[in-house]
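One structure below.
The values are calculated or read from the model by the stated rules, or taken from the named source; none is laboratory data. Just so it is clear, the model here is predicted, and its values are computed rather than measured. Neighbour counts run over all protein chains shown; Cβ positions are idealised from the backbone, glycine included. For the accessible areas, the whole protein counts, side chains as well, though only heavy atoms, and no ligand, DNA or RNA atoms are used. Shrake-Rupley method; radii C 1.70, N 1.55, O 1.52, S 1.80 Å.
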Amino acid sequence: LLLLLIVLYCIVLYPYLNNKQQFMSACPIDPANIIKALLNMNAKFELPWTPYYSQTGETIQFAPTEEIIGYWALAATIAFTVFVYSLEGNLDARQKQAYQKTHFPKELERTVSTIDQERAIEASKKKDENKKDDKGEAEAEDDSTKPLLPQLKAKFEKSQAYGLDKINFGMISGTYDTLESVLFLLLGFLPYVWDLSVKLGQQYFQLTEADNEIMISLIFLGITTLFGTITSLPFELYSTFQIEKKHGFNKQTLGLFFSDKLKSLLLTFVIGSPFLALLLQIIKVSLHATLSTFYSYSYSPYSHIQPDGRTIFLHLHLGFHLRIFNIHDDHRARLHHAIVQ
C-alpha cells in the first residue's frame, strides 16, 4: 500500500512538472528504485516455489507428465492451507456471534414457562393429597418442584461465557498453527529434521540412512513429537489453567499436568514406535521399494517440497497420541456441560 501511494504521488505530480529532473526531485523515491523493488518482489514469488532448506543427497526426478505437480506443489499447498484457515475462521466468526448473544431464546422461555406452570399445578395437587408427616420427604419434594426456567437461564449464561472464551482462544491458536505450518513449508523444516535425524543416528548410534531407514524414521518421529509438544505447551497451559479453571472445569495441579504430559509422551514412544517400525517394514517388503519411493508416489504433491519425502512419519505418528491417564471429575463436568448445551 505504501509503494502504491508513493507511485500515485509521483504520477499525480508529473503533469504539473516541466521536465524529468523536476519530477525526480519532487518524488521522494526514485521511480527506478520503485520499479526495481517491484521486479525483485515479483521474482521472489515466481513459480516454482522452493523451500529455503532442501534435503541433501538424491532428489526425485519428475516425469514429463508430473512436472506440473512439482511446479505448483509448494504454492498450492500453502494456498490450500490458507484457504482452509479462512474457511474455518469464517465458521468460527459466525459461531462467535452466536456465543455473544446474551438473551435467552424466547421460544424456549415460553416452552419452559409452560412446563413450570404445569409442574407447579401438579405439585400443588400432590401436596394436598399426600401426608406431610415425613419432613425430609417433604423437603425433597420441594426441591424437585423448583422452577426450571431460572436454572436454565443461569446455565445458559455460563455456557455462553465458556463458549465465547473457547472460541476466542481457538481462533488465536488456529492462527498460530496456520502461520507455523506455512513457515515450516517455506523454511523446509521437515527436510531439515530428517537430515538432522540422519546425522544424530550416524553420530550416536552408527546408523546409516541406506541400511537403517526405519531407525532413522523413529528418530525423526521423536524429534518432531518433542518439538510439537513444546510449541503447543503454552496454549495447553493457558487453556487448562486459565479458561478451564475460570469456568470450573479444571481440577488438575501443575505437577499433575506435566506428569500426565510425560506419561503421554512415554506411551507414544513405547507403544507407537514398535508399531510404526512394523508398519514401515511391511510397506518396504510388500512394495519392494524404499520408504522414500513409497512416499513419493503416495504423497506426490509434497515430493517437490521434500525431495526424499519423509513427512509420512509425521502424519502416521499423530495416530499414536494417546491420553488415557487421570480421568477426573472435570471430564464428567465437560460432558455435563456438553449435554446442557
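Remarks
- Within segment 34-74, considering residues that are within 22 Å of TRP194 (Cα to Cα) and of a type in the set (Gly, Ala, Ser), the one modelled with the highest pLDDT: ALA73
- Residues of segment 191-218 satisfying the condition of being open to solvent by less than 30 Å² (accessible area, probe 1.4 Å) and in a helix (DSSP H, G or I): PRO191, VAL193, TRP194, ASP195, SER197, VAL198, GLY201, GLU213, ILE214, ILE216, SER217
- Residue match in segment 233-248 (condition: outside any helix (DSSP H, G or I) and touching a residue at least 12 places away in the same chain (Cβ under 8 Å)): yes
- Residue ID - most open to solvent (accessible area, probe 1.4 Å), chosen from residues in segment 222-258 that are among the aliphatic types (A, V, I, L, M) and within 20 Å of ASP177 (Cβ to Cβ): ILE230
- Against the numbered list (1) at pLDDT below 95; (2) open to solvent by 30 Å² or more (accessible area, probe 1.4 Å); (3) over 20 Å from PRO274 (Cα atoms), PHE169 comes up short only at (1).
- Taking every residue in segment 152-164 that is under 19 Å from THR114 (Cβ atoms) and pairing it with any residue that is open to solvent by less than 50 Å² (accessible area, probe 1.4 Å), at least 6 positions away or on another chain, the pairs with Cβ-Cβ distances below 7 Å are LEU152/VAL112; LYS153/PHE104; PHE156/PHE104.
- Failed criterion for LYS261 (all others in (1) open to solvent by less than 50 Å² (accessible area, probe 1.4 Å); (2) assigned to a helix (DSSP H, G or I); (3) free of Cβ contacts under 8 Å to residues at least 40 places away in the same chain; (4) farther than 30 Å from LYS158 by Cα hold): (4)
- Boolean, GLU88 is over 30 Å from LEU148 (Cα atoms) and open to solvent by 90 Å² or more (accessible area, probe 1.4 Å): yes
- Listed by first and then second residue, the pairs linking a residue in segment 81-105 that is charged (D, E, K, R) to a residue that is open to solvent by 50 Å² or more (accessible area, probe 1.4 Å), with Cβ atoms under 6 Å apart and 6 or more places separating them unless they lie on different chains, are ASP92/MET171.
- Selection status of LYS153, closer than 30 Å to ASN250 by Cβ and out of contact with any Lys or Arg (no Cβ under 8 Å at 6 or more places or on another chain): yes
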